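Q: Quick one: the structure is below, questions incoming.
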Amino acid sequence: MDTNRELLAKNDPDLYAALVGEEARQSSGVELIPSENYTYPEVLAALGSIFTNKYSEGYPGRRYYGGQEYTDVIENLARERACAVFRSEHANVQPLSGSPMNQAAYFAFLDPGDTVLAMDLSHGGHLTHGAPVSHMGTVFNFVRYKTDPDNEGKIDFDEVRKMAIESKPKIVLCGYTSYPRDYDYAEFKKIADEVGALTMADVSHIGGLIAGDAMANPMDFGFDLMTTTTHKSLRGPRGGMILCKKEHAKKIDKSVFPGLQGGPHMNTVAAVAYTLKEAATDQFKQYAKKCLTNSKTLAKTLVEEGGVLVTGGTDNHMMVLNTVESANIAIDGKEAEKVLDEVAITTNKQIIPDDPNPPLRPSGIRIGTPAATARGMGEAEMVQLGQWIMDTLRNREDASYLAKRKAEVEKFCQGFPVPGI
């Protein structure tokens, strides 16, 4: 009998060729985009399973369709494992991705026009944290705090407290998509309590590092709710979760369904359940800690090679290289991303705090270690990658150099197989 993969190759060779091409691209290059990772073979199996066929509107024991005995099993597994891993009283595992996850969290507690105190986009916040181009930025009133670039990117909590007192937010949100430091959750909780606001942490980038006990957990500080994607550092499928106190469970569940979504993707829920089983293991804890060690080593190497990092370093899995100010480079992030792509090192262009350049031609690139760490790379490889990045950007006009470097990177990658391929 033909396998599903063989059937695809036979019946849609164009689509199959793209799939094979992507496998080759991922295997032969180094993935350093902080929001990307390699998932487990078991997750790929669950995503391609017959749970794709099942409609499961509602929640375990309260569905709107029949035939739910096995969907209830996998969703309960995912919820129970999420609560255990993140030390949370309740978990909703149905959000389809990160943005709808945050939208559901907002609508659970806010009316249009209500205020949220969140991080400014150019200082590391996410689009859903109130960027004017996001629908959330038009529905709710986001007041945005910034970091201090001259003080290692630290947050001035006296200023945050002042903003909270003046704006009277219903939610105080901490979370980021491009901030290389950790958060002082106790200070955010203290300010939120003072003004009577709920505390929310969007830990989409560092969810896996929290699950692996490599970084602090906001739920340990009494936060009302925490959102996280299930891919990125958690190494699962593309999806989202909302963790919260038991007192907020009904509002969160109602906001996700029927408030924002219809039927959940049960193949993804099954994959999330497996991901969370892995996240509870000692092996995953070692992986999370190794992501941080690798990140610090890569950041140190970039600085030693003349790189200028936003915040001066990193406390997590990512760093932002200011390509405009780094020694002997002086190019924007768009060009830097393109040059590194040419030698099979994948990064992404990134705005820096109060960037004078537009978002599609920003002043930096964002670099992270979760995917490289998942392939088994360690500190020695991070030193090599840091040197290659800086050398490549400095020699970007030399076509022969770029060809030689790409060959070296591809040979290097042969020693680190991609999980699942």
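The values are calculated or read from the model by the stated rules, or taken from the named source; none is laboratory data. Please read these numbers as outputs of a predicted model, since none were measured by experiment. Reconstructed Cβ throughout: ideal geometry from the backbone, glycine too, with neighbour counts over all protein chains shown.
Q: When Lys289 is evaluated against the numbered criteria (1) touching a residue at least 24 places away in the same chain (Cβ under 8 Å); (2) buried (at least 20 other Cβ atoms within 10 Å of the Cβ), which criterion, by number, is the only one it fails?
A: (2)
Q: Which residue, of Asn328, Asn357, is more than 18 Å from Ser35 (Cα to Cα) and either among the aromatic types (Phe, Trp, Tyr) or touching a Leu at 6+ places or on another chain (Cβ under 9 Å) (or both)?
A: That would be Asn328, the only listed residue that is more than 18 Å from Ser35 (Cα to Cα) and either among the aromatic types (Phe, Trp, Tyr) or touching a Leu at 6+ places or on another chain (Cβ under 9 Å) (or both).
Q: So which of Phe142, Phe157 is surrounded by fewer than 22 Cβ atoms within 10 Å (Cβ to Cβ), in contact with a helix residue (DSSP H, G or I) (Cβ under 8 Å, 6 or more places away or on another chain) and touching a residue at least 24 places away in the same chain (Cβ under 8 Å)?
A: On inspection, the qualifying residue turns out to be Phe157.
Q: Ok, one more. Have a look at Ala46, Ala82 and point out the one that is more than 28 Å from Tyr176 (Cα to Cα), surrounded by 21 or more Cβ atoms within 10 Å (Cβ to Cβ) and among the hydrophobic types (A, V, I, L, M, F, W, C).
A: Matching residue, one of Ala46, Ala82: Ala46.
Q: Here's a follow-up. Would you mind finding the one in Thr297, Thr311, Thr301, Thr275 that is closer than 27 Å to Asp213 by Cα, assigned by TED's automatic domain parsing to the domain that holds Cys83 and touching a residue at least 40 places away in the same chain (Cβ under 8 Å)?
A: Thr275
Q: Related question: (1) within 21 Å of the chain's Cα centre (by Cα); (2) closer than 26 Å to Glu194 by Cα: which one isn't true of His135, the others all being true?
A: Here His135 meets the rest and fails (2).
Q: Which condition breaks for Thr268 when tested against (1) under 23 Å from Ala214 (Cα atoms); (2) surrounded by 18 or more Cβ atoms within 10 Å (Cβ to Cβ); (3) hydroxyl-bearing (Ser, Thr, Tyr)?
A: Going through the list (1) under 23 Å from Ala214 (Cα atoms); (2) surrounded by 18 or more Cβ atoms within 10 Å (Cβ to Cβ); (3) hydroxyl-bearing (Ser, Thr, Tyr), Thr268 breaks only (1).
Q: Name every residue in region 68-97 that is hydroxyl-bearing (Ser, Thr, Tyr), touching a helix residue (DSSP H, G or I) at 6+ places or on another chain (Cβ under 8 Å) and either within 16 Å of Leu234 (Cβ to Cβ) or outside the structural domain of His231 (by TED's automatic domain parsing) (or both), in order of residue number.
A: Hit for region 68-97 is Ser88, nothing else.
Q: Look at region 160-176 and say how many of its residues are charged (D, E, K, R), touching a residue at least 60 places away in the same chain (Cβ under 8 Å) and out of contact with any Asp or Glu (no Cβ under 6 Å at 6 or more places or on another chain).
A: Residues in region 160-176 being charged (D, E, K, R), touching a residue at least 60 places away in the same chain (Cβ under 8 Å) and out of contact with any Asp or Glu (no Cβ under 6 Å at 6 or more places or on another chain): 0 in total.
Q: Given the criterion surrounded by 17 or more Cβ atoms within 10 Å (Cβ to Cβ) and modelled with pLDDT under 95, identify the matching residue among His123, His90, His135.
A: His123
Q: Oh, and also: So which residues in region 316-335 are over 21 Å from Asp354 (Cβ atoms) and out of contact with any Gly (no Cβ under 8 Å at 6 or more places or on another chain), if there are any at all?
A: Asn316
Q: Might you check whether a residue that is assigned to a loop (DSSP other than H, G, I, E, B), within 25 Å of Glu278 (Cβ to Cβ) and either in the same structural domain as Ile242 (by TED's automatic domain parsing) or not basic (Lys, Arg) (or both) occurs anywhere in region 13-28?
A: no
Q: Give the residues of region 106-140 that are part of a helix (DSSP H, G or I), in contact with a Ser or Thr (Cβ under 7 Å, 6 or more places away or on another chain) and within 26 Å of Glu247 (Cβ to Cβ), sorted by residue number.
A: Scanning region 106-140 gives Phe107, Ala108, Thr128, Met136.
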